[in-house]
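Q: The structure follows.
All of the numbers you see were taken from the coordinates with simple rules; none came from a lab. Worth saying up front: this structure is predicted, and the values here are computed from it rather than measured. A quick note on method: Cβ atoms are made from the backbone with ideal geometry, for glycine too, and the neighbour counts reach across all protein chains shown.
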Amino acid sequence: MGDEWGGNSYREDRRSGGGGGNSYREDRRDDGDRNSGQNWRDGKCEIMHVPSTKVGKVIGRGGSKINELQSDSGAKIQVTKETEGDDTVVKMFGSDSCVARAKELINDLVNEPDGRY
């Protein structure tokens, strides 16, 4: 019955084109990175392992902490869905100094005592 009035087809159409969905956000985010001088695409990629129980501290409520970490370090930080044992793989992109700063900030955050963050 839902297909008769196009309930499901509307969702599919929005996802597939017309600038809706995530494509707009991705484009806007790309432009922001280019214009801000953070050329993380030209740098290196480094991987670190974060205890899966601490990933929430790295991401923060609504992504606020990871955005702060990226802003403070100048590196692009990506928390992946990849796990190795009890750890989650975190990728950092940028210049050597930006990646080193991101790594330092994440280590400080992960190693601080549990509590509100």
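Q: Those residues that are over 17 Å from the mean Cα position of the chain (by Cα) and on the phi > 0 side of the Ramachandran plot, I need them from segment 79-117; list them, please.
A: Gly85, Gly115 - these are the residues of segment 79-117 that are over 17 Å from the mean Cα position of the chain (by Cα) and on the phi > 0 side of the Ramachandran plot.
Q: When both residues are 6+ apart or on different chains and their Cβ atoms are under 8 Å apart, which pairs have a first residue that lies in segment 43-57 and is buried (at least 16 other Cβ atoms within 10 Å of the Cβ), and a second that is among the charged types (D, E, K, R)?
A: Gly43/Asp96; Glu46/Lys91; Glu46/Lys103; Met48/Lys103; Val50/Asp87; Lys57/Lys65
Q: Sticking with this one: Of all residues in segment 95-113, which are of a type in the set (D, E, K, R), surrounded by 12 or more Cβ atoms within 10 Å (Cβ to Cβ) and under 15 Å from Ile47 (Cβ atoms)?
A: Lys103
Q: Separate question: Spot the failing condition for Glu82; the list is (1) part of a strand (DSSP E or B); (2) surrounded by fewer than 19 Cβ atoms within 10 Å (Cβ to Cβ); (3) in contact (Cβ under 8 Å) with a residue 12 or more places away in the chain; (4) in contact with a strand residue (DSSP E or B) (Cβ under 6 Å, 6 or more places away or on another chain), and only one is missed.
A: Failing condition for Glu82: (3).
Q: Okay, next question. How many residues does segment 44-79 hold that are closer than 15 Å to Gly94 by Cα, of a type outside the set (A, V, I, L, M) and not in a helix (DSSP H, G or I)?
A: So the answer is 6.
Q: Here's another thing I want to ask about it. Being more than 14 Å from Val58 (Cα to Cα) and either touching a strand residue (DSSP E or B) at 6+ places or on another chain (Cβ under 7 Å) or not in a helix (DSSP H, G or I) (or both) is the filter here; which residues of segment 97-117 pass it?
A: Matches in segment 97-117: Val99 only.
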